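Contents: one structure, followed by commentary.
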Amino acid sequence: MAPFAAFARNRRSAAIVAIVLGAVAFLAVNTLANIWFRAARLDLTQNGLYTISDGTRNVLRGLQEPVTLRFFYSAEQAANFPNVRAYAERIRDLLDEYRSIAGANLVLEEIDPVPFSEAEDAAVAAGLQGVPTQGGDPIYLGLAASNTADGQETIPFFVMEREAFLEYDLTSMIARLAQAKKPVLGLVTNLPLDTGPGGLLASMQGQSEPFVAYSQLVQIFDVRPLEQDFDSIPSTIDALIVAHPKALSERALYALDQFVMRGGRIIAFVDPVSEISQLQSQQTGEPVQGATFKSDLWLLKSWGVSFNPDEVVLDRARAQQVQYGGNAARPVVAYPVWIGLAADPDPQKSDFDAGDLVTSSLTKVNLASAGRLTPAEGATTAFTTLMRSSDDAMLASAEMLTLQADPDALMRMFLPSGERYTIAARLSGPLKSAFPDGAPKREAEPGGPPPAPLAAHIAETANANIIVVADSDIFDDRFWVQAQRQGDQTMAVPIADNLAFIASAAENMLGSNDLIGLRARATSDRPFTVVEDLKREADARFLREEEDLNARILETQEKLQALARTDANGDPAAIGPEQAAEIERFREELAATRARLREVQRELRSGIDRLGSILAALNIAAVPALLVIAAIVMGALRRRRMAAAQAAG
């Protein structure tokens, strides 16, 4: 008995020692993991949203001089806000990764701006914004960055709605500070990009709000607007955006032609219907010339592309859902004039060219009343489609859209061509001047000095590089930006990659590609395609029912008119039994058809609800069930191995 008791005591002692050693090992492993693997994480998102991009690594490793980042975080004030604490940890981890990649050229400081301290004064002086709490003490969660040349950038507050853009916001800030000077980007436009739709009048009243895309371009580039009546382009400009210009003079067209001939890069946005211009006309109350609503460039054909400013692409498969008060049964309807181009893993189905750096990372771009581009006959440049419609599309008259804006009417008359229309294209390769005889003759102003001499005429170039987009409403905030407010701060949160395309195209033309994939990746969208398909199917059924109803109403009205009688004096006769029965039948048909319309809507809702129930069941029950099944299988395999080992022994 004594040996058994000793064995039991030894076994208990060994168990206690094992538990103690296990606890010590657990604490040691966690401590070491917190030190060594603090920023380690497994990114299972489809587009690698939480993995440091190659573009970020290139920017960080390319730093030539130190950049200092001061991360302000009110740890004590954020103690009762788990979401803020978690986001601060995410930011800290990412900044640590940046420092490890950049080495000595990235200096990172973390500062806790305790209330009424010098650190809080430094945060306020840097332009950071504190968000007040119920206790009265504000929470600071921002970043101040600087370089050795007095360049400064700030993120006043890390708004959690922009978490998907965190890497882009940080990397673009560092990239701007690392530049000795911003790249120069010329701008020729008739759009109120710098003032918003209110135009000059709103600007004079202090109520102007630049379009978000323009504000971002100004941050990234040294944007130099050119008056539209120019006859030369400064040599300091290497790339030029021409966005919905007015009818340019022959001198200005020649300047654009020669800009391309000497190696300049152009991104041209033309439009069959400029909804920005229409909105500007409505808000200012001033009539706008009809030519302003559409734009074209005479040079396009010489560059190798054809564009008809009288045609608009309608796309049923890419139609955006819009609020529409003309149909009480369906206040939200599909509008095929406003389209959202979408990426697809299958390159043949995607609306973007996966082989071009500018469009390879795009997920969604929202456009309005876009036109189509085709290769010009006899073109010497290569025509590469960058963005295109789906094959459930058709062409419509731009004039017709100004008269017929009813979404349901457009859907009823929709006849898909089965063709995918090019909306944006890259033109590259050899190109001859559109002015074979040289510069157009220029007359001196009466009583003025003779015009300045122009540079020598260049007849051709071997490496033209031009991007043409058949839409200028890509700049319009209404189609791709949602405003999110955090305290006193309003942040623009993109819902589409419009800016990613515009800025990436400009950077690509200027030879800088590090931020292109990163910018588009930030706005990665995973739409519920099955739900969208259900809505489109129900919309089509609804419109068919509505069309039948209208036909029956017209038919009944014609019958009622035929039944109407007058007496010998021309006075209406009294309604007879036949007319009364016909009227009653009409009312019954109207009620029945309306009931069928409501049934279509109920079926749509029930279909979406069923899909939601299935997804909920998969999330709630299927995953645990799979884990249980896996545990049972592993247990069975273990028992089988133990049984085999015992049999062998």
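The values are calculated or read from the model by the stated rules, or taken from the named source; none is laboratory data. Note that this is a predicted model, so its numbers are computed, not measured. Quick reminder, even Gly has a Cβ in these numbers, built from the backbone with ideal geometry, and neighbours come from all protein chains shown. All accessible areas refer to the heavy atoms of the entire protein, side chains included, with ligands and DNA or RNA removed. Shrake-Rupley method; radii C 1.70, N 1.55, O 1.52, S 1.80 Å.
Structure notes:
- Residues SER428 and SER235, FRET efficiency given R0 of 22 Å [Cβ-Cβ distance, rounded to 0.05]: 0.45
- When you work out D = kT/(6 pi eta Rh) for region 72-145 at 4 °C and 1.567 mPa s, using the Kirkwood radius from C-alpha pairs as Rh and the Stokes-Einstein form, the result is 100 µm²/s.
- Fraction of accessible area attributable to carbon and sulfur, region 103-188 (%, probe 1.4 Å): 50 percent
- The largest accessible area among LYS441, LYS246 belongs to the first residue in LYS441, LYS246, and the rest follow in falling order (1.4 Å probe, all chains).
- From phi via Karplus (6.51, -1.76, 1.60), per-residue ³J(HN,Hα) for region 361-373 in Hz, x at Gly/Pro: 9, 5, 10, 7, 9, 9, 10, 9, 6, 7, x, 10, 10
- Residue by residue, region 170-177 carries 3J(HN,Hα) couplings of 5, 5, 5, 4, 5, 4, 5, 6 Hz when phi is fed to the Karplus relation 6.51 cos²θ - 1.76 cosθ + 1.60 (θ = phi - 60°); x denotes Gly or Pro.
- Rough spin-label spacing in nm, given labels placed 7 Å along Cα→Cβ, for ALA104 and GLU443: 6.8 nm
- Applying the Karplus relation 6.51 cos²θ - 1.76 cosθ + 1.60 with θ = phi - 60° to region 231-245 yields 3J(HN,Hα) values of 10, 7, 10, x, 5, 6, 8, 9, 9, 9, 9, 10, 10, 6, x Hz, where x marks Gly and Pro.
- In this structure region 219-305 gives 41 Å² per residue of accessible area when probed at 1.4 Å with all protein chains present.
- Residues whose amide H falls under 5 Å from that of LEU108, counting only those 5 or more places apart or on a different chain, are LEU69, with hydrogens built in the peptide plane.
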